[in-house]
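What follows is a short report on a single structure.
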Amino acid sequence: MQHPSGIDRARAALERGDRVPAGALSPAVAESWQRCRDLGLDPRATPQGSVIAFADVNRRRQANAALRRLALAEMQLLHTQIAGSNFMIALGDADGVVLDTISDQRFAESAAGRSIIPGSVWNESERGTNALGLAALRREPTAIYGREHYFSCHGHLSCMAAPILDAAGRTLGLLDASCSEEARQQHTHALVRMAAAQIENGLIFQERSRNFIFAFHPRMEFLDTLSAGLVAVSRDGEVLSLNRQGANLLAGLPTALGVHFDALFDAGFGSTMDGLLNGGVIRIRDRAGSGVFMVCRQIGRRSIAETRHPAGAQPALIGSPDAPDFVCDDPLLKRQMADLAEATALRMPVHITGETGTGKELMARHVHGLSGRKGEFVALNCGAVPEALFIAEIFGHERGAYTNARAEGAPGLARAADRGTLFLDEVADIPPAAQTALLRFLDSMEVRAVGGQKTHKVDVQIVSATNRNLEEMVAAREFRADLLYRLNAYTVRLPPLRSRSDFAMIVQHLMQKIAPGKAITDAAIARLSQRNWPGNIRELHSVLQRALVRRHLEFVDEASFADCEEVPHDSCDDCRDHPMSRHRCREIRSTFRASGANVSKTARLLGLSRTTVYKHVR
């Protein structure tokens, strides 16, 4: 017989209204549970957490502008470190009001993700025992795992929060990482604490830009780490700021702000400055007799916080060599791409369709990578070549084959792509006469240059793409049916951006390509999701670039897109006012249309119940 664990016994007692067994919980959680009981909160109920007005959120953001600028950079780095782990990272102010979030899309679309939004208040009196509220109350890093949350509806979550303190020990803000209980990772708690410490150090450099800042530690190799103490002093030796690590290293000494440097270290301020300003590391003793190494980290305005993330210093994610260089987490798209490698192994021509800007050339290059071919990827925009020169462009020409032909002749793109890939973009624009020649080439893989007699056998992976409907063109006799059947042996249909269920991941991916290390908040992504995107990913790329240029900030939030249209497109009434739910709704409705308005087929394709599908398409 299996005995219940401590948390099982504690929860059972809590929900029965009995006394919680001693030792079943950590003292911090037990005390929090008791405070929640004293407030009359029912652990089996759903908390009615308040959300403040957006205008108030903006006022709080402006009041915490310096904190927010540093914190969002750290949140982006933290998100890069734990991306794909179903996490959300939140910044709160000293009152536990969430100011910004950055998250994995799956978590953002969950019920928990929809409750942790800018303006939501996470104090203990409303939300029960939670890491954000408890860290604010206790002013120390706190983790609440699973059913340690007071409300049972939060039992599937694990949250880790750390306060961000100023030099006087006052709480300026809170940094939180939340994930599903089954995905909890102990090392994430350490990462959150480190990020909070980095923000605190950054604030010292920012606020004391005109002063000296010294780093000190008992071990020299730790002077460049977050374990080092930082002390900011005036030119007269007055201590203006001391970080948390510094206060811990000098425990027992008078570390109150305003004390003189000589009250902490016995070498004397003048002689210490002489040694430090020579650019070296010195060894001195504190007033308790402990030896420490010390180095000058700032003279005047220059700050290590400003150079902490140089261009290209962001951690790189190492993926599979076969992984595409673009986001393809949309279920329908993943299903279409599932057999691409096998198709290229069989040398099947691949045809890519989709609206303009959906990434057809990126997909073509991915096909080339999957093929493992050592030859070149050769692209031809079929609509940009004059009809009279089209055949010569692909198959080459001999010297003097036609008027204005190159004197030395040309081998042609098909031969240039031998043992590689020939990408025929805008294939619907191939001239009728050239369609016949291309059909013959696809059958034989033999090339004969214009004006030449010799044929050359080539080994080419054919990839074609268009944003037009070739079936309709065949019916209108504008495109050869037999050529279409050669080209579309394997077809990949790229969905429009407005229908992509992985919209948030696409935005984050583009941001990292355009401006590595710069943060984009969940609220900004939600604002972007409200647009119709007729230009698809290409348009999104331009919008992000304009926002970065226009705002001149180290992050992108929803204010960066204040001029974006706010009318939700193609979503049901229930999802229209919930931006993070809208992606899934669009996917369902798009699939429903593509299936000929067949609810059963849509449910089967997406792995959903028919009731769920009907709810979104009725």
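Taking the centroid of alpha carbons for each part, the range 489-529 and the range 152-170 are 29 Å apart.
In the chain, the ratio of gyration radius to Kirkwood radius, Rg to Rh, stands at 1.09 when only Cα atoms are counted. Considered as an equivalent ellipsoid built on the Cα gyration tensor, the range 202-255 has semi-axes of 18, 14, 10 Å, the largest given first. Evaluated over the chain, the count of Lys pairs having alpha-carbon atoms less than 30 Å apart is 15 (only pairs 8 or more residues apart or interchain). When the convex hull of its Cα atoms is viewed from all sides, the range 1-146 shows a mean projected area of 10.6 nm². The GluC sites (Glu not before Pro) of the range 471-564 that meet both conditions, a loop assignment by DSSP and at most 14 other Cβ atoms within 10 Å of the site Cβ, are Glu478.
Each peptide among 328-341, 45-58 gets the average number of other Cβ atoms lying within 10 Å of its residues, and from highest to lowest they stand as 328-341, 45-58.
For the range 11-116, trypsin sites (Lys or Arg not before Pro) are listed when DSSP marks them as loop and at most 16 other Cβ atoms sit within 10 Å of their Cβ; the list is Arg19, Arg44. Among the trypsin sites (Lys or Arg not before Pro) in the range 162-240, those placed in a DSSP loop whose Cβ has at most 13 other Cβ atoms within 10 Å are Arg170, Arg210, Arg219, Arg235. Across the range 37-86, how large is the tail of the calculated P(r) beyond 18 Å, expressed as a percent of all Cα pairs? For the range 37-86, the fraction of Cα-Cα distances above 18 Å is 63 percent.
Compared with the dominant principal axis of the Cα atoms in the chain, helix 6-16 is inclined by about 80°. Shape summary: the range 412-543 maps onto an equivalent ellipsoid whose semi-axes, from the alpha-carbon gyration tensor, are 39, 19, 11 Å in decreasing order. The alpha-carbon atoms of the range 428-476 define a convex hull whose volume equals 94 cubic angstrom per residue.
Calculate, for the range 49-178, the solvent-accessible area per residue in square angstrom, rolling a 1.4 angstrom probe over the heavy atoms of the protein chains.
Values: 4050 Å² over 130 residues.
Per residue, the range 49-178 has 31 Å² of solvent-accessible surface.
Counting only heavy atoms of protein chains, what accessible area per residue, in Å², does the range 208-303 have with a probe of 1.4 Å?
Here the per-residue accessible area is 47 Å².
Surface composition of the range 82-179: carbon plus sulfur atoms contribute 49% of the solvent-accessible area (1.4 Å probe, protein chains only, all chains present).
Separation of the range 448-463 and the range 18-48 by C-alpha centroid, Å? Comparing the Cα centres of the range 448-463 and the range 18-48, I get a distance of 78 Å. Counting only DSSP beta bridges with both residues in the chain, the antiparallel share comes to about 70 percent.
The values are calculated or read from the model by the stated rules, or taken from the named source; none is laboratory data. Note that this is a predicted model, so its numbers are computed, not measured. Virtual Cβ from ideal backbone geometry, glycine too; neighbours counted across all protein chains shown. SASA here: full protein model, heavy atoms, side chains in, ligands and nucleic acids out. Shrake-Rupley method; radii C 1.70, N 1.55, O 1.52, S 1.80 Å.
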